[in-house]
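Working notes, structure below.
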Amino acid sequence: LANMQTQLTLSFLNAINLEMPLTSRMRRSLASAGNVVFINNNTSMRDVVDCLTNYRKRTEYIKKVPKELKEYLEDDIYNLKDIDEYDKNGVVVDSKTSKVEFVMDRINLLMEDIKLKIMFNKKMDDNIDFVKKMDEGKVILIKIPENRYPTTTHKNILATFFVSKIWLACQLRGGVQNKLLRCHVIFDEIFQAPTAECLLNN
């Protein structure tokens with residue numbers, strides 16, 4: 001599930017800049033941070049970015065990897081340690097900016113819009129639990145009105161975020177007495193969000 005969340009985060013960050021997809025090096029660093037961060041409860045994309053940019057937090061997340069997962073996440077841990085910048089005494093003092101600038105470029109694009117900035121920095125405490133609502137048979141309406149989100153980039157980012165959230169919730173569902181209620185997802189004009197459309201195709 002942590003890896004699935006990582007894959008969805010990669011898709012989301014790809015949606016921020018449609019003209020320049022993530023390179024293999026960018027994907028590797030981001031995937032490593034996601035895999036190590038998302039094995040912890042109540043973590044978000046903000047924590048993944050912090051892991052990449054803040055060497056203290058990166059060290060904390062690496063220390064939190066349980067023994068039984070160390071073998072599986074060995075490459076990810078190596079990739080994260082490769083971001084560390086050392087002083088002449090071999091002590092970690094910072095992060096190599098060249099290794100994380102690609103993420104920061106996309107995050108900075110995200111932060112240019114105040115609504116997306118609020119969304120990115122929002123705490124997870126009062127999020128709508130999609131798994132719970134699906135199991136209760138609730139109707140969830142997600143509106144992205146043209147007058148508030150006029151650009152294709154806005155629509156694409158938001159639609160990709162919510163498609164990712166819905167998909168992850170579907171994977172996490174337990175249902176009532178292991179009998180899942182059928183859940184219908186209806187999209188209107190999905191072509192306006194090419195990355196979200198791509199996720200659905202896959």
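The values are calculated or read from the model by the stated rules, or taken from the named source; none is laboratory data. Only a predicted model underlies this, so the values are computations on that prediction, with no experimental measurement involved. Positions of Cβ are generated from backbone atoms using ideal geometry, with glycine treated the same way; all protein chains shown enter the neighbour counts. Side chains are part of the model used for accessible areas, which takes the heavy atoms of the whole protein and leaves out ligands, DNA and RNA. Shrake-Rupley method; radii C 1.70, N 1.55, O 1.52, S 1.80 Å.
Kindly evaluate Asp125 against the criterion of being closer than 21 Å to Met45 by Cβ, without any contact (Cβ under 8 Å) to a residue 12 or more places away in the chain and loosely packed, with under 10 Cβ neighbours inside 10 Å.
yes
Residues of the stretch 135-148 being farther than 17 Å from Trp167 by Cβ and open to solvent by 60 Å² or more (accessible area, probe 1.4 Å), which ones?
We begin by selecting, within the stretch 135-148, every residue farther than 17 Å from Trp167 by Cβ; these are 136-139, 141, 143-148.
Hits for the stretch 135-148 are Glu136, Lys138, Val139, Leu141, Lys143, Glu146, Asn147, Arg148.
Does at least one position in the stretch 82-103 carry a residue that is touching a Lys or Arg at 6+ places or on another chain (Cβ under 8 Å), open to solvent by 40 Å² or more (accessible area, probe 1.4 Å) and in a loop (DSSP other than H, G, I, E, B)?
yes
Check off (1) farther than 19 Å from Val48 by Cα; (2) open to solvent by 60 Å² or more (accessible area, probe 1.4 Å); (3) touching a residue at least 40 places away in the same chain (Cβ under 8 Å) for Lys132 and give me the number that stays unchecked.
(3)
I want to confirm something. Restricting to the stretch 1-41 and keeping residues that are assigned to a loop (DSSP other than H, G, I, E, B) and modelled with pLDDT of 85 or more, which single residue is least open to solvent (accessible area, probe 1.4 Å)?
Restricting to residues being assigned to a loop (DSSP other than H, G, I, E, B) and modelled with pLDDT of 85 or more, the top hit is Phe38.
Run down Ile190, Ile166, Ile157 and say which single residue is touching a residue at least 12 places away in the same chain (Cβ under 8 Å), closer than 24 Å to Lys117 by Cα and either of a type in the set (Gly, Ala, Ser) or out of contact with any Leu (no Cβ under 9 Å at 6 or more places or on another chain) (or both).
Just a single option satisfies the conditions, and that option is Ile166.
Let's see how each residue does on (1) more than 27 Å from Pro21 (Cα to Cα); (2) modelled with pLDDT under 85; (3) open to solvent by 80 Å² or more (accessible area, probe 1.4 Å):
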site: Leu158; (1), (2), (3): no, no, no
site: Phe162; (1), (2), (3): no, no, no
site: Ala169; (1), (2), (3): no, no, no
site: Gly175; (1), (2), (3): yes, yes, no
site: Arg182; (1), (2), (3): yes, no, yes
site: Phe187; (1), (2), (3): no, no, yes
site: Leu199; (1), (2), (3): no, yes, no
site: Asn202; (1), (2), (3): no, yes, yes
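Confirm whether Arg106 is basic (Lys, Arg) and either without any contact (Cβ under 8 Å) to a residue 40 or more places away in the chain or surrounded by fewer than 18 Cβ atoms within 10 Å (Cβ to Cβ) (or both).
Working: basic (Lys, Arg): yes; either without any contact (Cβ under 8 Å) to a residue 40 or more places away in the chain or surrounded by fewer than 18 Cβ atoms within 10 Å (Cβ to Cβ) (or both): no.
So Arg106 does not fit the description; no.
Just one of the numbered conditions (1) touching a strand residue (DSSP E or B) at 6+ places or on another chain (Cβ under 9 Å); (2) open to solvent by 20 Å² or more (accessible area, probe 1.4 Å); (3) not basic (Lys, Arg) is not true of Glu112; which one?
(1)
If I ask for residues that are among the polar types (S, T, N, Q) and out of contact with any helix residue (DSSP H, G or I) (no Cβ under 9 Å at 6 or more places or on another chain), which ones from the stretch 128-162 would you list?
Step one: list which residues in the stretch 128-162 are among the polar types (S, T, N, Q), which gives 147, 151-153, 156, 160.
Residues satisfying the conditions are Asn147, Thr151.
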